[in-house]
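Working notes, structure below.
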Amino acid sequence: MEIVIGLPNAVPGVGRAGIVDWARRAEAAGFSSLGTLDRIAYGNYESLIALAAAAAVTERIKLATDILIAPLRANTALLAKQAATIDHPAGADRVVLGLAPGGRPDDYEHSGVDFSKRGRIFDRQLEALRRFWDGDDVGPSGRPRVLVGGTAEAAYRRAAKYADGWTSGGGGPEAFAGGREKLGEAWRAAGREGQPRTMALFYFALGDDADEQVRRSLGDYYAFAGEYAERIVSSAAKDADTLRGYVAAYTEAGCDEVICFPASADPDQVDRLADAVL
């Protein structure tokens, strides 16, 4: 299983060091990819722009969105062009485009997109993205790898029909394993050959102030979730043993890549994570 480190693009107070220095350290440490989270109605750095900045200062590490809320980018041709533009100069097959419709109405309100129609919009986008990339209508040539995110039944069907695989988001190794089984069923039903690529995530912070960092960052990011936010905060890994336990559990569940998303923007977190799991 490949170990991915998230960029702290959604951590309060993130600055240049949390993107540029972080990306350089992550590549030097040997992580397979850099990941981003996506929101509109929040004070985060935009995912594709953050990955473009990371691509400019790295050579080999892959660049992943997990996930990008596709229907908020209503101009699908522009989205196709943006993703291809990061992928092409960065080097072939460096971009992993995790896409999903999201579930926050306020993101849609800010974007002027009808929240109730997000699923239908997403289906049309997935079809259009494939057409744009395969037809080279918007250039540059080629296309990034695509994963569809989510745990609704429609997510597995979309992954099997349009994508290279599926990303489960959070929820833990047991939930991932159940989703992977549903993905396999949808994949076979769609007549797809080979095995779909899979990805999952969990949160971490390491150091003397790990608990404070987790509560400040994740508590704020998931404040909309009410009592469930505390479950997310409590599930974050705050020591090396917990980190290794998560990695082992996702490996056992058959996950291809797991993203360790940080709750701190301190670039020292990169080296601490590497020491624990690489």
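Tabulated data for the structure shown
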quantity	calculated
Residue satisfying condition, being under 22 Å from D38 (Cα atoms), surrounded by fewer than 17 Cβ atoms within 10 Å (Cβ to Cβ) and among the hydrophobic types (A, V, I, L, M, F, W, C), within set A240, A225	A225
Test set (1) modelled with pLDDT under 95; (2) outside any helix (DSSP H, G or I); (3) not aromatic (F, W, Y) - A229 fails condition number	(2)
Selection from the stretch 1-45 of residues that are assigned to a helix (DSSP H, G or I), in contact with a helix residue (DSSP H, G or I) (Cβ under 8 Å, 6 or more places away or on another chain), within 19 Å of A205 (Cβ to Cβ) and not basic (K, R)	W22, A23, A26, A29
Hits in the stretch 248-278 - residues which are farther than 20 Å from W22 by Cβ and in a helix (DSSP H, G or I)	A248, A249, Y250, T251, E252
Extreme residue, farthest from T167 (Cα to Cα), among residues of the stretch 46-61 that are without any contact (Cβ under 8 Å) to a residue 40 or more places away in the chain and outside any loop (DSSP other than H, G, I, E, B)	A56
Conditions (1) touching a residue at least 12 places away in the same chain (Cβ under 8 Å); (2) out of contact with any Pro (no Cβ under 8 Å at 6 or more places or on another chain): number failed by E230	(1)
Given (1) modelled with pLDDT under 95; (2) over 25 Å from G15 (Cα atoms); (3) part of a helix (DSSP H, G or I), number of the condition F224 does not satisfy	(2)
The lone exception for G245 - which of (1) farther than 30 Å from D164 by Cβ; (2) part of a helix (DSSP H, G or I); (3) modelled with pLDDT of 95 or more it fails	(1)
Unique residue being among the aliphatic types (A, V, I, L, M) and free of Cβ contacts under 8 Å to residues at least 60 places away in the same chain when the list is A74, A64, A83	A74
Selection within the stretch 1-18 - buried (at least 24 other Cβ atoms within 10 Å of the Cβ) and among the β-branched types (V, I, T)	V4, I5, V11
Filter result for F132 (over 28 Å from R60 (Cβ atoms), out of contact with any strand residue (DSSP E or B) (no Cβ under 6 Å at 6 or more places or on another chain) and among the aromatic types (F, W, Y))	no
Residues of the stretch 187-218 satisfying the condition of being basic (K, R), free of Cβ contacts under 8 Å to residues at least 40 places away in the same chain and either closer than 19 Å to L34 by Cα or in a loop (DSSP other than H, G, I, E, B) (or both)	R192
Tally, over the stretch 69-84, of residues that are in a helix (DSSP H, G or I) and either within 18 Å of R145 (Cβ to Cβ) or in contact with a Leu (Cβ under 6 Å, 6 or more places away or on another chain) (or both)	8
Restricting the stretch 35-44 to residues that are in contact with a Ser or Thr (Cβ under 8 Å, 6 or more places away or on another chain) and crowded, with 19+ Cβ neighbours inside 10 Å, the residue that is farthest from L243 (Cα to Cα)	D38
So D106, is it touching a residue at least 40 places away in the same chain (Cβ under 8 Å), surrounded by fewer than 17 Cβ atoms within 10 Å (Cβ to Cβ) and either of a type in the set (S, T, N, Q) or at positive phi (or both)	no
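Let's see how each residue does on (1) at pLDDT below 95; (2) under 29 Å from A225 (Cα atoms); (3) within 16 Å of the chain's Cα centre (by Cα); (4) surrounded by fewer than 18 Cβ atoms within 10 Å (Cβ to Cβ):
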| site | (1), (2), (3), (4) |
| --- | --- |
| G91 | yes, no, no, yes |
| R94 | yes, no, yes, no |
| P101 | no, yes, yes, no |
| L126 | no, yes, no, no |
| G135 | yes, no, no, yes |
| P140 | yes, no, no, yes |
| G149 | no, yes, yes, no |
| E153 | no, yes, no, yes |
| D164 | no, no, yes, yes |
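The values are calculated or read from the model by the stated rules, or taken from the named source; none is laboratory data. Here the structure is a predicted model, which means the values were calculated and not measured. Note that each Cβ is placed from the backbone with ideal geometry, even for glycine, and that neighbours are counted across all protein chains shown.
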